[in-house]
Amino acid sequence: MTTLTDQTAGTFRIGSDGPTVRRLGFGAMRITGDGVWGDPPDREEAKRVLLRAVELGINFIDTADSYGPHVSEELIAEALHPYPDDLVIATKGGLERTGPGQWPRNGRPEHLREACEGSLRRLRLDAIDLYQLHTVDPDVPYEESLGTLVELRDEGKIRHIGISNVDLAHLEQARGMTEVATVQDRYNLTDRDTEDVLEECESAGIGFIPWFPLATGSLAEPGGPLDDIARDHDAAPSQIALAWLLQRSPVMLPIPGTGSVEHLDENVAAADIELDDAEMQRIEEAAG
């Protein structure tokens, strides 16, 4: 059984004075039903996945109140509470759910406050280590949404603030208001539109959480660069994609999610893969 260690996954401190986590975490979106809606097909299996994640050495779990909605947070508490001392659970608020696959934005201060209170109850926590503004609501001034998180932190309900689905301008605006511990943006081998955000995070020592990290597109097709490199390492292309992310930047915190114990084991094993400079360059050039 491959388990994560500080050496294989690397570590990162959340915020200037926060907890240290291993850089390969677990995204808890997929332990819900189809369309990230309702219960998973097998709640006990979902809880086994969460228990397995901790057993494998993962100590950073990312979720949101909108996953289910509420289902992911409830399952985390059912499976893992009382939590291991080193486990960091990050959650998010700012999206509502009106049905499967529907994600209307709501960055109003009153909604964010209610969302945070709900997450505290469901996760059975007195304070949330990392609370993230899930998105930018175009109908609400960004400083009002983010200001609510600052208030919640000052009240002791959250410890560190993260932002998500932002561009460089929003990151700069947020940093003008408060310390930003993490940024969570879509980023993978086939979609690197937020490269400038990643580079700013690296420069500032801010954690960068790439969502949808396992996308490989045509790179993983037979004879493609990921396929070739994967065979050289006796690995799957998705494992090479994860290894590339971990080596791409020391602030990178991938959170691949799954509802399968077998797939979870495969993801964790990716931390043991070391790509040499030539492989990294080949992947970079193929990705464009």
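Going by amide H atoms built from the backbone, whose H comes under 5 Å of the H on V88, apart from near neighbours?
The list, which skips near neighbours in sequence, is F60, I61.
Read phi for every residue in region 9-24 and hand back ³J(HN,Hα) as whole Hz from Karplus 6.51 cos²θ - 1.76 cosθ + 1.60, θ = phi - 60°, with x for Gly and Pro.
Ordered by residue, 3J(HN,Hα) equals 8, x, 10, 8, 8, 7, x, 5, 9, x, x, 9, 10, 6, 6, 9 Hz.
How big is region 162-241 by Rg and Dmax over its Cα atoms, in Å?
15.5, 49
Which whole-number percent gives the relative contact order of the chain, counting Cα pairs below 8 Å spaced six or more residues apart?
19
If amide H atoms are built 1.01 Å from N in the plane of the peptide, which residues on other chains or at least 5 residues away come under 5 Å of the amide H of G257?
Answer set, sorted by chain and number: G27.
Hey, what's the Kirkwood Rh for the chain if you take every pair of different alpha carbons, in angstrom?
19.1
Once you put a point 7 Å from the Cα of E45 and another 7 Å from the Cα of E96, both along the Cβ direction, what distance in nm separates them?
The answer from the label model is 3.3 nm.
For the chain, with a Gaussian network of springs between Cα atoms less than 10 Å apart, report the residue from R105, R248, R13 with the top mean-square fluctuation.
R248
When the chain is treated as a GNM, springs tying every alpha-carbon pair under 10 Å, which of D193, D126, D232 comes out with the largest mean-square fluctuation?
Looking only at D193, D126, D232, the largest GNM fluctuation is found for D232.
Could you tell me how many degrees, from 0 to 90 and to the nearest 10, lie between the Cα long axis of helix 71-80 and the main elongation axis, the longest principal axis, of the Cα atoms of the chain?
80
Considering only DSSP beta bridges with both partners in region 22-145, what is the antiparallel share in %, to the nearest 5?
Given both bridge residues lie in region 22-145, the antiparallel proportion sits at roughly 10 percent.
Can you give the helix-only mean residue ellipticity at 222 nm for the chain, where every DSSP H stretch with n ≥ 4 adds -39500 (n - 2.57) and the sum goes over all residues, rounded to the nearest 500 deg cm²/dmol?
Calculated at 222 nm, the ellipticity per residue is -11500 deg cm²/dmol.
Pulled fully out, how much extra length does the chain show between S249 and T178, if you take 0.36 nm times their separation in residues and subtract their Cα-Cα distance?
Result for the pair: 23.2 nm of gain on full extension.
Which percent, to the nearest 5, of DSSP beta bridges fully inside the chain are antiparallel?
Values: 5 of 29 bridges.
Restricted to the chain, the bridges split so that about 15 percent are antiparallel.
In Å and on Cα atoms, what radius of gyration and Dmax does region 182-288 show?
Every Cα atom of region 182-288 included, Rg and Dmax give 13.2, 39 Å.
Have a look at the DSSP beta bridges in region 74-233 and tell me what percent are antiparallel, nearest 5.
10
Assuming 0.36 nm per residue, please report the length gained on full extension of the stretch A215 to S203 beyond their Cα-Cα distance.
Full extension from A215 to S203 adds 1.8 nm.
Rule-based calculations on the coordinates, nothing more; no lab input. These figures come from a predicted structure and were not determined experimentally. For neighbour counting, all protein chains shown are included, and Cβ atoms are generated from backbone atoms with ideal geometry for every residue, glycine included.
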